[in-house]
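**Q** Sharing a structure below in structure tokens format, with a few things to ask.
The values are calculated or read from the model by the stated rules, or taken from the named source; none is laboratory data. Being a predicted model, the structure only gives us computed values, none of them experimental. Here the Cβ is made from the backbone with ideal geometry for all residues, glycine too, and neighbour counts use every protein chain on show.
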2 protein chains.
Amino acid sequence: MVLAGAEIALKRLPHLKFLMFGDEAKLKPLLAKYPSLEAVSDIRHASQEVMMEDKPSVALRQRRDSSMRLAINAVKEGDAQGVVSAGNTGALMAMAKFVLKTVRGIDRPAIATYMPTQRGETVMLDLGANIECDEHNLVQFALMGEVFTRILFGLEKPSVGLLNVGIEELKGNESVKKAAAILRDIDLPIRFEGFVEGDDLAKGTVDVIVTDGFTGNVALKTAEGTARLLVHFLRETFKSSFFAKIGYLLARRSLQRFRDRMDPRRYNGAMLLGLNGIAVKSHGGTDALGFSNAIGVCHDLIVNNLNDSIKHELALFEEAMSGLENAEQEDVAVPVGQAN
Amino acid sequence: MVLAGAEIALKRLPHLKFLMFGDEAKLKPLLAKYPSLEAVSDIRHASQEVMMEDKPSVALRQRRDSSMRLAINAVKEGDAQGVVSAGNTGALMAMAKFVLKTVRGIDRPAIATYMPTQRGETVMLDLGANIECDEHNLVQFALMGEVFTRILFGLEKPSVGLLNVGIEELKGNESVKKAAAILRDIDLPIRFEGFVEGDDLAKGTVDVIVTDGFTGNVALKTAEGTARLLVHFLRETFKSSFFAKIGYLLARRSLQRFRDRMDPRRYNGAMLLGLNGIAVKSHGGTDALGFSNAIGVCHDLIVNNLNDSIKHELALFEEAMSGLENAEQEDVAVPVGQAN
């Protein structure tokens, strides 16, 4: 699947080169089946592999010669400009964080992906890397998510919303309320639209939805599950009568476009944001086409210098924050002066 | 909408009687249009109404003569056995909590509703009454949700799952992990199935899904939004070509059943669980059919003595908890004895 996906990606992006990490004895004959891919690939032998059931801490300590770890090391050492993996997400995050380290100014990396909406596509983060987040994490996610979305969709000024349980300012937990206050007050070019709710994900109300990893993970999986449920109901519907079957046959081409539009392979490629290096997570259960899209996402982030843009954004943010803090101090100073 | 809904409910449940709270001058001529409903209804005049934009605290202090407050008072005073409202959720929760008080053993009430799944229907709670929940809240939600589901679906032993970001025991926040430990260890007839994820909602993996109000609210609205998105895509699909239009016409009857199956009016009627009294929240944007379903839910909970069952369950729980604590003390005593 990985090699077939790389082959598809190479057709689209002929300047790509690959380092393939894995068991050389297995990889070599497989790669020989894709001559054009073989011509631009180097095999790097790995004596271990990370298992899907490995805990992140175990993977980190005991899989130092795994394909995943060696691929991340290659990014660190500058041999590769980005890594794409369809393996264990927790292990990938733990290893990438350990090896690549977070960008200065980012406390914790986040996982971001994009999904179809009524208005096009929306990016959501975090999707599970951080179970509990304070306001600073959320603000950092907003900044990183905005840069990611700008690059991925070529948008000049993507809109950003904070996921909450209501649009009234009084609702929500402390982190969400404080993060909103920072994003509202700060003097940054970021287009912050305030709070959004669960249904704004599918509406596409904003281009970037920021949330903690617990909520984001539940929301993403709930959306995926609901989409599958409706497709399941629809399939039953078209089998339920003779006329429905004929109707299905007539509408088949259009329904295929409907399925293409929802195709999870189109949305394959979750990004680990905030690290000194590009790391993209492909869904484990995808096929070659899905994997080629994850490679495509990795390529776009490399050529558009995602991390330089994130660093630039963070520098602007720090400047704006210190401006904000100075302004607050001045505000405080006034009544004191009056009291005297 | 409310009166037309009550009329539909009355046809289904002819033993119902209604107290109608509102502006008498407006209500009386309206009610006269439904003679059979009028015959079993008393109008109770309310000089105020709770606005959709009222904050809960404002509604509580300043809307003491509103239809919502008077209807809740009627439950407290035993004039009514349950209240159904399509008004402001936050205000309804605040007033119901203030007037009816929580059942002994329940720290905070929760909002529960049910939704379609691949296996039938699943109940989820909390949906937004409690933004931050500790393990005791979650355990109480599990007990109340189990009783609610037993009554609503007539199930003997509904299965219960805790919403989390992964099924591995190491994942999730502290409240979720601790709640799971309590539900696993306790000697209760409750059928606790451990952790479930966002996509288990649509799969119907368990009958009851327990979560905090923040996550539950986001998950519910994400599911609703995704369902609407797919219906929107599907509508566009059937308009996209001549053959698709003909196909739609042929499959129309079956597609109507598909829509019926997803019809949010069927799932209208969220329950405020854990109060000394039955209070059901209807969706504000529903129609008469939807509202009649909320009345139906209220009726079922009344005739099945929801609150007595919850109290019974809580008594069993307290007994089991003290058993658990004693057992833990004994466990601790053993090594001490050995050390001597």
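**Q** Of the residues that make up the stretch A:286-297, is at least one assigned to a helix (DSSP H, G or I), among the β-branched types (Val, Ile, Thr) and more than 9 Å from chain B (Cβ to nearest Cβ)? Break it down stepwise before answering.
**A** Our first condition is that a residue be assigned to a helix (DSSP H, G or I); within the stretch A:286-297, this holds for A:288-297.
Checking which are among the β-branched types (Val, Ile, Thr) leaves us with A:295, A:297.
Narrowing the set further to residues that are more than 9 Å from chain B (Cβ to nearest Cβ) leaves A:295, A:297.
Yes, the conditions are met somewhere in the stretch A:286-297.
**Q** Could you check A:Val196 against (1) crowded, with 23+ Cβ neighbours inside 10 Å; (2) more than 27 Å from B:Asp54 (Cα to Cα); (3) not polar (S, T, N, Q) and say which number it fails?
**A** (2)
**Q** Checking the condition within 24 Å of B:Ala94 (Cβ to Cβ), in a helix (DSSP H, G or I) and either acidic (Asp, Glu) or in the same structural domain as B:Thr89 (by TED's automatic domain parsing) (or both), which residue from B:Ala25, B:Ala74 passes?
**A** Numbers: B:Ala25 fails: within 24 Å of B:Ala94 (Cβ to Cβ).
Checking each option against the conditions leaves just B:Ala74.
**Q** Checking A:Glu53 against (1) buried (at least 19 other Cβ atoms within 10 Å of the Cβ); (2) out of contact with any Gly (no Cβ under 9 Å at 6 or more places or on another chain); (3) among the acidic types (Asp, Glu), only one condition comes out false. Which one?
**A** Here A:Glu53 meets the rest and fails (1).
**Q** Further question on the same structure: Cβ-Cβ distance below 7 Å, separation of 6 or more or different chains: which pairs start in the stretch B:191-209 with a residue that is of a type in the set (Phe, Trp, Tyr) and end on one that is modelled with pLDDT under 95 and buried (at least 24 other Cβ atoms within 10 Å of the Cβ)?
**A** Here the result reads B:Phe195/B:Asn164, each pair linking the stretch B:191-209 to a residue that is modelled with pLDDT under 95 and buried (at least 24 other Cβ atoms within 10 Å of the Cβ).
**Q** Name, by its number, the condition in (1) outside any helix (DSSP H, G or I); (2) touching a residue at least 60 places away in the same chain (Cβ under 8 Å); (3) within 22 Å of the chain's Cα centre (by Cα) that does not hold for A:Val50.
**A** A:Val50 satisfies all of (1) outside any helix (DSSP H, G or I); (2) touching a residue at least 60 places away in the same chain (Cβ under 8 Å); (3) within 22 Å of the chain's Cα centre (by Cα) except (2).
**Q** Additional query: Does the stretch B:79-99 hold any residues that are part of a loop (DSSP other than H, G, I, E, B) and at pLDDT 95 or above, and which are they? Spell out the reasoning first.
**A** First, pick out the residues of the stretch B:79-99 that are part of a loop (DSSP other than H, G, I, E, B): B:79-81, B:86-88.
Within the stretch B:79-99, B:Asp79, B:Ala80, B:Gln81 qualify.
**Q** With the requirement that a residue be over 24 Å from B:Ala320 (Cβ atoms), among the charged types (D, E, K, R) and assigned to a loop (DSSP other than H, G, I, E, B), what does the stretch B:119-152 give you?
**A** Result: B:Arg119, B:Glu132.
**Q** Identify, from the list B:Arg253, B:Arg261, the residue that is assigned by TED's automatic domain parsing to the domain that holds B:Thr117, more than 18 Å from B:Glu224 (Cα to Cα), in a helix (DSSP H, G or I) and of a type in the set (D, E, K, R).
**A** Numbers: B:Arg261 fails: more than 18 Å from B:Glu224 (Cα to Cα).
Step by step, each of B:Arg253, B:Arg261 is checked, and only B:Arg253 is assigned by TED's automatic domain parsing to the domain that holds B:Thr117, more than 18 Å from B:Glu224 (Cα to Cα), in a helix (DSSP H, G or I) and of a type in the set (D, E, K, R).
**Q** Working only within the stretch B:98-125, note down all residues that are within 13 Å of another protein chain (Cβ to nearest Cβ) and either touching a strand residue (DSSP E or B) at 6+ places or on another chain (Cβ under 7 Å) or not charged (D, E, K, R) (or both).
**A** Scanning the stretch B:98-125 gives B:Ile111, B:Met115, B:Pro116, B:Thr117, B:Gln118, B:Gly120, B:Glu121, B:Thr122, B:Met124.
**Q** Right, here's the next one. Would it be correct to say that B:Val58 is β-branched (Val, Ile, Thr) and out of contact with any helix residue (DSSP H, G or I) (no Cβ under 7 Å at 6 or more places or on another chain)?
**A** Numbers: β-branched (Val, Ile, Thr): yes; out of contact with any helix residue (DSSP H, G or I) (no Cβ under 7 Å at 6 or more places or on another chain): yes.
So B:Val58 passes the test.
**Q** So B:Ser57 ticks every box in (1) among the hydroxyl-bearing types (Ser, Thr, Tyr); (2) within 14 Å of chain A (Cβ to nearest Cβ); (3) within 23 Å of B:Ile209 (Cβ to Cβ) but one. Which box is left unticked?
**A** Result: B:Ser57 passes all but (3).
**Q** Here's another thing I want to ask about it. List the number of the failed condition for B:Thr89; all other conditions in (1) within 14 Å of chain A (Cβ to nearest Cβ); (2) out of contact with any strand residue (DSSP E or B) (no Cβ under 8 Å at 6 or more places or on another chain); (3) farther than 24 Å from B:Gly172 by Cβ; (4) surrounded by fewer than 24 Cβ atoms within 10 Å (Cβ to Cβ) hold.
**A** Of everything listed in (1) within 14 Å of chain A (Cβ to nearest Cβ); (2) out of contact with any strand residue (DSSP E or B) (no Cβ under 8 Å at 6 or more places or on another chain); (3) farther than 24 Å from B:Gly172 by Cβ; (4) surrounded by fewer than 24 Cβ atoms within 10 Å (Cβ to Cβ), B:Thr89 misses just condition (2).
**Q** In addition: Give me the residue from the stretch A:122-158 that is aliphatic (A, V, I, L, M) and more than 13 Å from the chain's Cα centre (by Cα) and, out of that set, surrounded by the fewest Cβ atoms within 10 Å (Cβ to Cβ). I'd like the intermediate steps shown before the answer.
**A** First, pick out the residues of the stretch A:122-158 that are aliphatic (A, V, I, L, M): A:123-125, A:127, A:129, A:131, A:138-139, A:142-144, A:147, A:151-152, A:155.
Narrowing further to those that are more than 13 Å from the chain's Cα centre (by Cα): A:131, A:138-139, A:143, A:155.
Details: A:Ile131: 19, A:Leu138: 25, A:Val139: 25, A:Leu143: 25, A:Leu155: 16.
Across the stretch A:122-158, the extreme among qualifying residues is A:Leu155.
**Q** If A:Thr222 passes every condition in (1) within 8 Å of chain B (Cβ to nearest Cβ); (2) under 24 Å from A:Glu135 (Cα atoms) but one, which one does it miss?
**A** Unmet for A:Thr222, out of (1) within 8 Å of chain B (Cβ to nearest Cβ); (2) under 24 Å from A:Glu135 (Cα atoms): (2).
**Q** Could you give me the residue pairs with C-beta distances under 8 Å whose first residue belongs to the stretch A:142-160 and is among the basic types (Lys, Arg), whose second residue is surrounded by fewer than 24 Cβ atoms within 10 Å (Cβ to Cβ) and not in a loop (DSSP other than H, G, I, E, B) wherever it lies, and which are 6+ apart or on separate chains?
**A** Short answer, once both residue conditions are applied: A:Arg150/A:Ser309; A:Lys157/A:Arg150; A:Lys157/A:Arg191.
**Q** So which residues in the stretch B:100-118 are in contact with a helix residue (DSSP H, G or I) (Cβ under 7 Å, 6 or more places away or on another chain), on the phi < 0 side of the Ramachandran plot and part of a loop (DSSP other than H, G, I, E, B), if there are any at all?
**A** B:Val103, B:Ile106, B:Asp107, B:Arg108, B:Pro109, B:Gln118
**Q** Is one or more of the residues making up the stretch A:210-221 of a type in the set (A, V, I, L, M, F, W, C) and more than 20 Å from the chain's Cα centre (by Cα)?
**A** To start, the set of residues in the stretch A:210-221 that are of a type in the set (A, V, I, L, M, F, W, C) comprises A:210, A:214, A:218-220.
If we keep only those that are more than 20 Å from the chain's Cα centre (by Cα) as well, we get none.
Within the stretch A:210-221, none of the residues are of a type in the set (A, V, I, L, M, F, W, C) and more than 20 Å from the chain's Cα centre (by Cα).
**Q** Kindly indicate which of A:Gly172, A:Gly128 is free of Cβ contacts under 8 Å to residues at least 24 places away in the same chain and within 14 Å of chain B (Cβ to nearest Cβ). Outline the logic, then answer.
**A** Working: A:Gly128 fails: free of Cβ contacts under 8 Å to residues at least 24 places away in the same chain.
From the options A:Gly172, A:Gly128, the qualifying one is A:Gly172.
**Q** Which ones in the stretch A:264-278 are surrounded by fewer than 23 Cβ atoms within 10 Å (Cβ to Cβ), more than 14 Å from chain B (Cβ to nearest Cβ) and within 21 Å of A:Val231 (Cα to Cα)?
**A** A:Arg265
**Q** Please state which one of A:Lys221, A:Lys281, A:Lys311 is surrounded by fewer than 23 Cβ atoms within 10 Å (Cβ to Cβ) and among the basic types (Lys, Arg). Outline the logic, then answer.
**A** Numbers: A:Lys221 fails: surrounded by fewer than 23 Cβ atoms within 10 Å (Cβ to Cβ); A:Lys281 fails: surrounded by fewer than 23 Cβ atoms within 10 Å (Cβ to Cβ).
Of the residues listed, the single one that is surrounded by fewer than 23 Cβ atoms within 10 Å (Cβ to Cβ) and among the basic types (Lys, Arg) is A:Lys311.
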